[in-house]
Amino acid sequence: MRIIWTETARRARQQATAYIAAQNRVAALDVLDEVSRQTILLRDHPEMGRKGRRQGTREFIISRTPFLVVYRYLPKSETIEILHFLHGAQQWPPKR
């Protein structure tokens, strides 16, 4: 099983860790490590996240952080596609 981060998700992760690093670089590295460690779990347990608020997605809360990822499990291609990375306090899905 492979995990692919979309450009949108990758950019959001980078912005969030840069924001944390401005205050505390060690904390930012800890968050990044935790995000990596936990998203890798999706390889073996692709449906461990709750059913998403958008059809065809799942949401996985990254414990010990304020973040979550929105992802899509594509069993035929054995792929987890991480679509969004966001802080739990953010509005999701965004209002239109």
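The values are calculated or read from the model by the stated rules, or taken from the named source; none is laboratory data. Please read these numbers as outputs of a predicted model, since none were measured by experiment. As a convention, Cβ positions derive from the backbone with ideal geometry for all residues, glycine included, and neighbour counts pool all protein chains shown.
Here are some notes:
- Subset tally (residues that are farther than 14 Å from residue 13 by Cα and either basic (Lys, Arg) or surrounded by 12 or more Cβ atoms within 10 Å (Cβ to Cβ) (or both)) for the stretch 72-89: 7
- Of all the listed residues (33, 44), the sole one being free of Cβ contacts under 8 Å to residues at least 12 places away in the same chain and either under 17 Å from residue 2 (Cβ atoms) or of a type outside the set (A, V, I, L, M) (or both) is 33.
- Look at the stretch 49-60: where a residue is more than 16 Å from residue 3 (Cβ to Cβ) and a partner is modelled with pLDDT of 95 or more and assigned to a loop (DSSP other than H, G, I, E, B), sitting 6+ places away or on another chain with Cβ atoms under 9 Å, you get 51/57.
- Candidates in the stretch 9-24 are the residues that are under 14 Å from residue 87 (Cα atoms) and not hydrophobic (A, V, I, L, M, F, W, C); of these, the one that is surrounded by the most Cβ atoms within 10 Å (Cβ to Cβ) is 13.
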